[in-house]
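Below: one structure, written as structure tokens.
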Amino acid sequence: MVGREKELSIHFVPGSCRLVEEEVNIPNRRVLVTGATGLLGRAVHKEFQQNNWHAVGCGFRRARPKFEQVNLLDSNAVHHIIHDFQPHVIVHCAAERRPDVKLKFCRWLFLYIMKNHSKFHERVMSSAVGAFLIYISSDYVFDGTNPPYREEDIPAPLNLYGKTKLDGEKAVLENNLGAAVLRIPILYGEVEKLEESAVTVMFDKVQFSNKSANMDHWQQRFPTHVKDVATVCRQLAEKRMLDPSIKGTFHWSGNEQMTKYEMACAIADAFNLPSSHLRPITDSPVLGAQRPRNAQLDCSKLETLGIGQRTPFRIGIKESLWPFLIDKRWRQTVFH
């Protein structure tokens, strides 16, 4: 796992294609990313990999060939990947919508790591500790009535999603005192399909300007780029490897406050598209799960540690959505 390994690569030149065995350096810092096939997990895996970490990602249905296929509900499978890889850090991006299953898995995973802790390399950390666990949680653990929320504020989730996230937090911190919980808000980034993010899914409504579209203008959100969250995870892990007191609950968020209507208008502006067909709805939503009006997260704890970065929404959304422009998709369909 550490040092140098043999790796096969394909060398192609016109008229010739051959396999070549090459030696590659394997970084000595190891991170395991669960949910590595998802929007956030992909960004976290990439961030660690590009910053001198040996990153292994695991997923389930979409895992192969890039990631390890692991069913996180299979205790033997989880045992084997942790035992074989011996990660210094685990970033738990995987999500389970069923609350009972999610809580059971979280408790099992963190109990396993406590009982089977691996030693950090002496050059990385002088004392033997367990794998540093970063559990991804949500701003939905708060009810949105008294923002901004600090880490020590008492959670009061309004819906099942927030309640299961809070249950996961409790399972993590009760079973591993050295773990970290990272609460984050609504995410966007380089999506594989628009439906992967509640931000990017609005793009077609923005583009089809011949049809009016109702957009929520009640709930205050703080859209956050997954690249920024990935950077926070890496920086947090690297700080922890130097300082074992880095643990507990942390918040990270973008700092641009927007409703979905305002996000949609910003998207239209970024691509020079009309926005007059977008209709702001200022009433509290009647249907669906109850949502916090404003669950703004106070991020000063991480900022004080010198951790974090923020991508301006206009820049990040343009980078994320340009492949999904209608004109571009039409040309791809016709010519490919």
Exercise. Which ones in the stretch 280-320 are polar (S, T, N, Q), open to solvent by less than 60 Å² (accessible area, probe 1.4 Å) and touching a His at 6+ places or on another chain (Cβ under 6 Å)?
Worked result: Thr311
For this session: Hey, could you check the stretch 247-273 for residues that are part of a loop (DSSP other than H, G, I, E, B), open to solvent by 10 Å² or more (accessible area, probe 1.4 Å) and hydrophobic (A, V, I, L, M, F, W, C) and say which is farthest from Gly316 (Cα to Cα)?
Result: Leu273
For this session: Mind listing just one residue for me: the one in the stretch 43-71 that is closer than 14 Å to Arg30 by Cα and without any contact (Cβ under 8 Å) to a residue 12 or more places away in the chain and, of those, least open to solvent (accessible area, probe 1.4 Å)?
Result: Gln49
Exercise. If you go through the stretch 193-213 one residue at a time, do you hit one that is surrounded by fewer than 20 Cβ atoms within 10 Å (Cβ to Cβ), within 20 Å of the chain's Cα centre (by Cα), closer than 27 Å to Thr311 by Cα and of a type in the set (Lys, Arg)?
Worked result: yes
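The values are calculated or read from the model by the stated rules, or taken from the named source; none is laboratory data. Just so it is clear, the model here is predicted, and its values are computed rather than measured. In this analysis, Cβ positions are derived from the backbone assuming ideal geometry, glycine residues included, and neighbour counts consider all displayed protein chains. Accessible surface is based on the protein model in full, side chains and every heavy atom, while ligands, DNA and RNA are left aside. Shrake-Rupley method; radii C 1.70, N 1.55, O 1.52, S 1.80 Å.
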